[in-house]
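The values are calculated or read from the model by the stated rules, or taken from the named source; none is laboratory data. Being a predicted model, the structure only gives us computed values, none of them experimental. When we count neighbours, we look across all protein chains shown, and the Cβ atoms used for this are built from the backbone with ideal geometry, even at glycine. Heavy atoms of the whole protein, side chains included, go into the accessibility calculation; ligands, DNA and RNA do not. Shrake-Rupley method; radii C 1.70, N 1.55, O 1.52, S 1.80 Å.
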Amino acid sequence: MKHGLLLGATGAALLVTASASLAQRTAVRRPSDDLRSGVLRTTSGLLPDENLLFNGWGLTPAGEHLPLAGDLPLKMVYSPDGKTLAVVNSGFNSTGVSLIDASTRRQSQFVPLPRSFNGLAFSKDGTRLYVTGGNSGNLHSFRVSGTQLSGEQVVAPDSAAPNTFLAGLAVHPTSGDLYACNQGNHEVWVIDPLTLKRINSIPVGQHPHSLAFGGDRRHVYVSNWGSRSVSVIDSRGGKRVRDINVGVRPNELAVGPDGRLFVACSGDNTVHVIQTRSLERAEAPADPSRRPPEGGREILATSLYPSSPEGSTPCAVAVSPDGKSLYVANADNNAVLVADISEKEATRVSGFIPTGWYPSAVAVSPDSSSIIVGDGKGLRHRGNFPSRTVRPRQLHKGVSFDYIGTVLQGFVSFVNKPDVPQLVSYTEQVRRNSPYTPESITRTNLPNTSIIPNRSGDPSPIKY
């Protein structure tokens, strides 16, 4: 497993001494305050604010921010001409699809949908946009004119199929046929792009999440959320030909210009790399009579530290069109990992970019100059009391409050590609925003008087 920083003195500059005046000012956190500072964490009356979440993590999102109508953007794609960015929301509030003018970075339209998920794709010629409807079993098709959608077509590709849950979506690079993950039945559907009707069904692994065509433009690679594998489909023969083992909870996929496929595995902080210019030779099953295969697959660690346990939750991945950079959204670290992939055999983790709360999607501008981040829960925390919504809930004593899901709002952040000094600064900030350090595995950040020992191996007052 590879994990490193090309950032010289980054580690040495991370610990920031808390100002002696910290306790004398308003008890909120400033961006420069290190969350691991004992002075900060013991400040009386410390409250969540725009730089501090209620769970103790910090927020200092980089870039220019655009609010969305809904929360949890799950997928973002550029139109073939690069002039329009489409974003699909699938959270608690206002599910649907937004169009953003790439030149002005302003939302031009929001189309609400009853259900939506992570399937989002433009047709080859850019005249149509397709969106999957999750557990509704529907597929939505829109006409695209500039930065506007019209002529919505809603079709259940197979209305008789039970348990349908349409997720990831891809367009065949030559035929234009649609390939959609049906999570509910563990299969991939091939769908006619005009009628939106199913024309084939191909069994894959458990709960397929996303799919992408490989560099050979023939084979389809499918991440199986429930099987720790990627299934390979031959689009010519219309059948599954191979399964490739990857990490835990494989989800989003991205293919680089050189054919490398990057698979984000949210359950174990990894990205697995598969070459797709040609179909890999199948490995023989394990057998004590022969040596194991000597070829290795590259696996990148996405966590803030090499020794971090699972919990970074890499849930989205994007490759810059110039093929030089890889970006991975670490949802539970509130950061995007930046990796240099310009050398095919030597991928290097370069640093991290601070984002909003729970980055759930990532894309790169057509000229590779900007990283676009979908902030799943917003840029800051707000309490659900006092109520701010038009339909609050009430306790039995008449106290009004907002349901917790309604306090979330999605954003799209546009971040200019950082140079090395800026990325060093960003990485330091990401680590200041995190209350976790590698030492947290063996000792607490602050001494405490609870029944849980302060250090691993110390005695507890509980005898049995």
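Each peptide among 177-185, 105-113 gets the average number of other Cβ atoms lying within 10 Å of its residues, and from highest to lowest they stand as 177-185, 105-113. Normalised by residue count, region 194-271 yields a Cα convex hull volume of 98 Å³ per residue. According to the Kirkwood relation over distinct C-alpha pairs, the hydrodynamic radius of region 123-282 is 15.8 Å. For region 306-374, trypsin sites (Lys or Arg not before Pro) are listed when DSSP marks them as loop and at most 16 other Cβ atoms sit within 10 Å of their Cβ; the list is Lys324, Lys344.
Here region 311-402 has an Rg and Dmax of 18.7, 64 Å, counting Cα atoms alone.
For Arg198, neighbours were defined as the other residues whose beta-carbon sits under 15 Å from its Cβ, and their charges (Lys and Arg +1, Asp and Glu -1) total -3.
Looking at the chain from every direction and averaging, what is the projected area of its Cα convex hull in nm²? Walk me through the intermediate numbers first.
Details: hull surface 110.8 nm².
Quarter of the Cα hull surface area: 27.7 nm².
Remark: region 394-450 is approximated by an ellipsoid whose semi-axes, taken from the C-alpha gyration tensor as √(5λ), come to 35, 27, 7 Å, largest first.
Ligands, DNA and RNA excluded, the heavy atoms of Thr389 present near 50 Å² of accessible surface to a 1.4 Å solvent probe. Straight-distance candidates among the aspartates and glutamates for linking to Lys417, with alpha-carbon spacing under 14 Å and chain neighbours fewer than 8 residues away dropped: Glu64, Asp322, Asp340, Asp367.
Across the alpha-carbon atoms of region 77-146, the computed radius of gyration and Dmax are 11.6, 35 angstrom. Computed over the alpha-carbon atoms, region 226-266 gives an Rg to Rh ratio of 1.00, Rh here being the Kirkwood radius from the mean inverse distance. One quarter of the surface of the convex hull around the alpha-carbon atoms of region 326-462 equals 14.2 nm², the direction-averaged projected area.
The gain in end-to-end length when the Lys463 to His396 segment is fully stretched comes to 19.9 nm, 0.36 nm per residue minus the alpha carbon separation.
Taking every eigenvalue of the Cα gyration tensor of region 215-366, multiplying by 5 and rooting it, what semi-axes result, largest first, whole Å? Intermediate values should be presented prior to the final figure.
Details: eigenvalues 135, 66, 45 Å².
Over the Cα atoms of region 215-366, the semi-axes work out to 26, 18, 15 Å.
Here each label is just a point 7 Å from Cα along the line to Cβ, and for Arg281 and Asn163 those points are 3.8 nm apart.
Considering only protein heavy atoms and a probe of 1.4 Å, how much of the accessible area of the chain is carbon and sulfur, as a whole percent? Don't skip to the end; give the middle numbers.
Details: 10850 of 21020 Å².
Carbon plus sulfur share of accessible area: 52 percent.
Entry comment: accessible area of the chain is 45 Å² per residue, from protein heavy atoms only and a probe of 1.4 Å. Relative protection proxy for 221-227, 326-332, 50-56, from highest mean packing down: 326-332, 221-227, 50-56 (other beta-carbon atoms within 10 angstrom).
Taking all protein chains as they are arranged and a probe of 1.4 Å, the heavy atoms of Ser368 leave approximately 10 Å² accessible to solvent.
Within region 45-190, the proportion of Cα pairs with more than 23 Å between them is 40 percent.
Provide the FRET efficiency to the nearest 0.05 for the Arg236-Phe92 pair, computing r from the beta carbons and using R0 = 41 Å. Could you put the intermediate results ahead of the total?
Working: r = 42 Å, r/R0 = 1.02.
Efficiency computed from Cβ-Cβ geometry: 0.50.
Relative to the longest principal axis of the Cα atoms of the chain, the long axis of helix 420-432 lies at roughly 60 degrees.
The separation of region 93-132 from region 238-291, counted between C-alpha centres, amounts to 29 Å.
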